[in-house]
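Before any comments, here is the structure.
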Amino acid sequence: MNVNSPLQPLVSAFILHLSNERQLSPHTVDGYSRDLAALRKDLDEQAIAAWPDVRAHHLRTYISAGKRQGRSGRTLQRRLSAARTFFNYLAREGICTTNPAMAFSAPKSDSRLPVTIDTDQMSRLLEIETSDWHGLRDRAMLELFYSSGLRLAELVGGNIGDISFDDCSMKVRGKGGKDRVLPVGSKAITAINSWLRVRQELPKGKLEDESALFLSERGRRISPRSVQERVKKWSLRLGISGRIHPHTLRHSFASHLLESSQDLRAVQELLGHADISTTQIYTHLDFQHLAEVYDKAHPRAQKVTDK
């Protein structure tokens, strides 16, 4: 970060606004910080000294440079979205009168279906045979991911007080600080109870966070990176094919639930999607599965073999 850049102070003020006033998750704030650092660096190279001097052609140059560097359409769209949000903030603060990022669109990327694992693989992943501290914690995390479709930030930010054992539910703070209450399955409740019985028996260090549902071995709230590493570790150990991430479990939760219920609105509510179009990608996933079954089973879909 070039702290001497004349553009940096307003970027820093905006990041504080996201964190303190809008109370966005640390993961989201970090994303904005990275994207705006890239924008600021590019504008420095274009010799722009003040944000009101930025015009649409400056931002087009920035996005075009990203495309030449091989950035995906999704990354460029995200970067432009961050710029739009930032210029909206500058307009509200009376610093800019227009939003140059609204003048054009970023290149589109090829739509990719979410990566999921099937129910057999999921069952194998959840059947961790362990009774040690790390294993009980990890099994509880995996069960909760799949039981309730949590985002990684939602699981990491979860507190013990968010779990209601009376009605088997969990209060979750999602994107934009929006709360929702999710059902938690009986197996996840059992796994969480097993974890809570050993939670304070830390392998290292002392308890530093009384409220956090999931802890590191040193007694701090577990980090997103640690969760990702533990999911990867267990998937490799149990022979689950493909690269498995926490979001794979969320995608699998949504896909399996939609396949069974066909209730798109319910899945939207459970996932915390503001727009149902975001949830509709799982209908394409469901159709893909049905098409595969059809191709394998229907006599009129069988390929003709050479005679």
message = For the stretch 143-173, give me the residue count where each residue is charged (D, E, K, R) and under 18 Å from the mean Cα position of the chain (by Cα).
response = 5
request  = Could you check how many residues of the stretch 239-268 are under 15 Å from Ile128 (Cβ atoms) and surrounded by 15 or more Cβ atoms within 10 Å (Cβ to Cβ)?
outcome  = 3
ask   = Is it fair to say Ser226 is at pLDDT 80 or above, out of contact with any His (no Cβ under 6 Å at 6 or more places or on another chain) and of a type in the set (Ser, Thr, Tyr)?
value = yes
query = Can you name the condition, by its number, that Leu24 falls short on among (1) in a helix (DSSP H, G or I); (2) of a type in the set (A, V, I, L, M, F, W, C); (3) closer than 30 Å to Gly158 by Cβ?
reply = (1)
Failed item in (1) touching a Leu at 6+ places or on another chain (Cβ under 6 Å); (2) in contact (Cβ under 8 Å) with a residue 24 or more places away in the chain; (3) of a type in the set (A, V, I, L, M), with Ala49 passing the rest = (1)
request  = Select from the stretch 79-111 the residues that are surrounded by 17 or more Cβ atoms within 10 Å (Cβ to Cβ) and charged (D, E, K, R) and list them in ascending order.
outcome  = Arg79
message = Suppose the filter is in contact with a Gly (Cβ under 8 Å, 6 or more places away or on another chain) and either closer than 25 Å to Ser12 by Cβ or modelled with pLDDT of 85 or more (or both); does Leu76 pass it?
response = yes
query = Among the residues of the stretch 138-148, is there at least one that is of a type outside the set (A, V, I, L, M), closer than 30 Å to Ala82 by Cα and either without any contact (Cβ under 8 Å) to a residue 40 or more places away in the chain or touching a His at 6+ places or on another chain (Cβ under 6 Å) (or both)?
reply = no
remark   = Counting only helices (runs of 4 or more DSSP H) wholly inside the stretch 102-205, the ones holding at least 2 residues that are not aliphatic (A, V, I, L, M) are 119-126, 133-148, 186-198
query = Does Val198 count as in contact (Cβ under 8 Å) with a residue 12 or more places away in the chain, β-branched (Val, Ile, Thr), buried (at least 17 other Cβ atoms within 10 Å of the Cβ) and assigned by TED's automatic domain parsing to the domain that holds Asn159?
reply = no
The listed residue being at pLDDT 85 or above and out of contact with any Ser or Thr (no Cβ under 8 Å at 6 or more places or on another chain), out of Tyr32, Tyr62 = Tyr62
ask   = Here are Ile48, Ile63: which of them is among the β-branched types (Val, Ile, Thr) and outside any helix (DSSP H, G or I)?
value = Ile48
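Per-residue answers, yes or no, for (1) crowded, with 21+ Cβ neighbours inside 10 Å; (2) closer than 18 Å to Val227 by Cα; (3) among the aromatic types (Phe, Trp, Tyr); (4) outside the structural domain of Leu271 (by TED's automatic domain parsing):
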{"residue": "Ser123", "(1), (2), (3), (4)": "no, no, no, no"}
{"residue": "Gly135", "(1), (2), (3), (4)": "no, yes, no, no"}
{"residue": "Ala140", "(1), (2), (3), (4)": "yes, yes, no, no"}
{"residue": "Phe165", "(1), (2), (3), (4)": "no, no, yes, no"}
{"residue": "Ser169", "(1), (2), (3), (4)": "no, no, no, no"}
{"residue": "Ile192", "(1), (2), (3), (4)": "yes, yes, no, no"}
message = Looking at the stretch 211-225, can you tell me whether even one residue there is loosely packed, with under 15 Cβ neighbours inside 10 Å, farther than 17 Å from Ile128 by Cα and among the aromatic types (Phe, Trp, Tyr)?
response = no
request  = For the stretch 8-15, state whether one or more residues are over 21 Å from the mean Cα position of the chain (by Cα), among the polar types (S, T, N, Q), part of a helix (DSSP H, G or I) and surrounded by 16 or more Cβ atoms within 10 Å (Cβ to Cβ).
outcome  = yes
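The values are calculated or read from the model by the stated rules, or taken from the named source; none is laboratory data. A quick note: this is a predicted structure, and the numbers were derived from the prediction, not measured. With ideal geometry, Cβ positions are generated from the backbone for all residues, glycine too; neighbour counts draw on all protein chains shown.
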